[in-house]
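The next block holds one structure in the form of structure tokens; read it before the comments.
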Amino acid sequence: MSENTEIGSGFRPSGQLQFGVFFQGVNSGTIWKAPEAGSQTDFESFRRLAQTAERGLFAAFFLGEGLRLREHLGRPHALDVAGRPDAQTMLAALAAVTTKIGLVATQNTTYNDPADLAHRLSSLDLLSGGRAAWNVVTTDNAWTGANFRRGGYLDHADRYRHAEAFVETAKRIWDAWDDGAIAGSTAAPGWAAPDSIRRVRHEGQHYSVDYVPRLPRSAQHRPVLFQAGDSSEGRDFAARQADVIFSAHAKFDAALDFRRDIVARTLKAGRGANDVQIMPASEFILAATAAEALEKKEWVRSLQIGPRQAIAYLEQFWGRELSSYDPDGPLPEIDPVVEETSETRGSGFHGAKARQLADQWRAEAKDKGLSIRQFVSAKTSRVDATFTGSYAEIADRLGDYARAGAVDGFNISPWLVPSGLDDIVNHLVPELQERGIYPTEYGGSTLREHLSLPVPVRSADASPVSAASDVDTAGDDIRLELAVRSQQL
Ligand SMILES: Cc1cc2nc3c(=O)[nH]c(=O)nc-3n(C[C@H](O)[C@H](O)[C@H](O)COP(=O)(O)O)c2cc1C
């Protein structure tokens, strides 16, 4: 652990942690072979996880997004465990069987359209009583575009410019209805006051919007914005737009560095040092004693990474068949045939040069004396993100994060569905509560309240405008105009 835990730049640690649960969907880490493993797709699994999380006062239930199954050498990736119903449909169903927990839908800005997505998210926000959030991603692989009319049509930097205009447009859609737009009494002349609802216009390179939003604001005004994407452009985007970053930096020193980086970017974007919260992806393997936890870890890993999984994992980065290699032997001496690595879903390897990565991994494995299987087991265990130990030990470690303000919480991936949160909720949460670093009740009824986020300032043109106003966003043109009810509604 680093000696210097000072964040600086006016940042003040809250001393508190929040938990989210990240139901991964498509991944190779969820154990499905154990007798206690349940369905990856039945509603019952989602219900059980969400209700357990709520019993443990988790702030949020997250669903990831994958636009198609992952593929390897032209076939669906045989090792993936795929359970990923449409996030908004699933979260809407979960809204009905939970009362407090936030509901976070990962949705990309690259293949959606803003008026449509903003409407679906505000629908979820309204029907859940202000518990919805949008985890904004741009999606990281061109091949997902093949199932869309437009194909893989945006390069990396353009994706973020596009995302920025998209999010700005969505905010305006969510803010288009003034509070009190709907008649408070039957004596009012109409159900909604026409000059309390604004038209949203956007003329951009990739889409146009000319829209009169259909819904009023929710109990939390608008959905909370999460962001997941780790490039420099992604971090700057988060610094400007996000309430919370779903990060890939859970290890203590890396988390501190990431926090410092985000604070600097947030200040540069004209926001306050504490304005963007951070919750890294993480995994917990817990037991009553440290020795039992280590034993459990061995069991988890043996089910996660068998010989076939180990080879298939490397094949993703090498871009070639490696089945002739011995999983208990050294890493392949042969070079990758791809230029860039292709692993999906935001790992730290995304965008890495394949040959460099192979050289680095071979050296690392040799240095540590690891076979393919051992090496892959270490890599995929998200070593940096796995907390293994006794409940008390891990609670103490998390206390260090809270005191330093390295993170605001953890987004936890259960390796077992649907019982993967039981240990955490039954044993870790009480330890954290005893240490005064975890909530003992929900902060209110909305997600914004659970996360102590301020009420958002209405986006540009806080009150209805009588003349068109231009707002320049990342080179795109956004216009807000009065909606004249008699003509438009
Ligand atoms: C922790 C984490 C989780 C992510 N989850 C998803 C996901 O569920 N679906 C998805 O399409 N992208 C996901 N992403 C990646 C985003 O698509 C991201 O926008 C993409 O990697 C491109 O941004 P970047 O180059 O800034 O990382 C995730 C990224 C991170 C760091």
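Here are a few things to note about the model shown:
- Of the candidates ARG68, ARG47, the single residue that is within 30 Å of ALA312 (Cα to Cα), of a type in the set (Lys, Arg) and surrounded by 14 or more Cβ atoms within 10 Å (Cβ to Cβ) is ARG68.
- LEU117 being surrounded by 15 or more Cβ atoms within 10 Å (Cβ to Cβ), under 27 Å from ALA93 (Cα atoms), more than 16 Å from the ligand (Cβ to nearest atom) and under 19 Å from the mean Cα position of the chain (by Cα): no
- Among the residues making up segment 297-334, those that are assigned to a loop (DSSP other than H, G, I, E, B), in contact with a Phe, Trp or Tyr (Cβ under 8 Å, 6 or more places away or on another chain) and at pLDDT 85 or above are LEU331, PRO332, ILE334.
- THR41 vs. criteria among the β-branched types (Val, Ile, Thr) and touching a Pro at 6+ places or on another chain (Cβ under 7 Å): yes
- Annotation: PHE46 fulfils all but one of (1) more than 16 Å from the ligand (Cβ to nearest atom); (2) over 28 Å from LYS379 (Cβ atoms); (3) not polar (S, T, N, Q); the unmet one is (1).
- Taken as a whole, the structure places ALA293 among residues that are surrounded by 15 or more Cβ atoms within 10 Å (Cβ to Cβ), closer than 30 Å to PRO35 by Cα and more than 16 Å from the ligand (Cβ to nearest atom).
- Out of ARG12, ARG84, one residue alone is more than 13 Å from the ligand (Cβ to nearest atom) and not hydroxyl-bearing (Ser, Thr, Tyr). It is ARG12.
- Screening PRO430 against (1) surrounded by fewer than 18 Cβ atoms within 10 Å (Cβ to Cβ); (2) not assigned by TED's automatic domain parsing to the domain that holds GLY56 leaves a single unmet condition, (2).
- Identity of the residue in segment 237-254, touching a residue at least 60 places away in the same chain (Cβ under 8 Å) and assigned to a helix (DSSP H, G or I), that ends up surrounded by the fewest Cβ atoms within 10 Å (Cβ to Cβ): ASP253
Residues checked against (1) modelled with pLDDT under 95; (2) on the phi > 0 side of the Ramachandran plot; (3) assigned to a strand (DSSP E or B); (4) assigned by TED's automatic domain parsing to the domain that holds VAL276:
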| site | (1), (2), (3), (4) |
| --- | --- |
| GLY444 | no, yes, no, yes |
| ARG458 | yes, no, no, no |
| ALA462 | yes, no, no, no |
| ASP472 | yes, no, yes, no |
| ILE478 | yes, no, yes, no |
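- Considering (1) farther than 22 Å from ASN108 by Cα; (2) of a type outside the set (Gly, Ala, Ser); (3) in a strand (DSSP E or B); (4) within 16 Å of the ligand (Cβ to nearest atom), the lone condition that ARG199 does not fulfil carries the number (4).
- Residue list for segment 388-414, filter: within 16 Å of the ligand (Cβ to nearest atom) and either farther than 18 Å from PRO13 by Cα or over 20 Å from the mean Cα position of the chain (by Cα) (or both): ASN411, ILE412, SER413, PRO414
The values are calculated or read from the model by the stated rules, or taken from the named source; none is laboratory data. Note that the structure is a prediction, hence the values are computed from the model and not measured. Here Cβ is always computed from backbone atoms with ideal geometry, including for glycine, and neighbour counts include all displayed protein chains.
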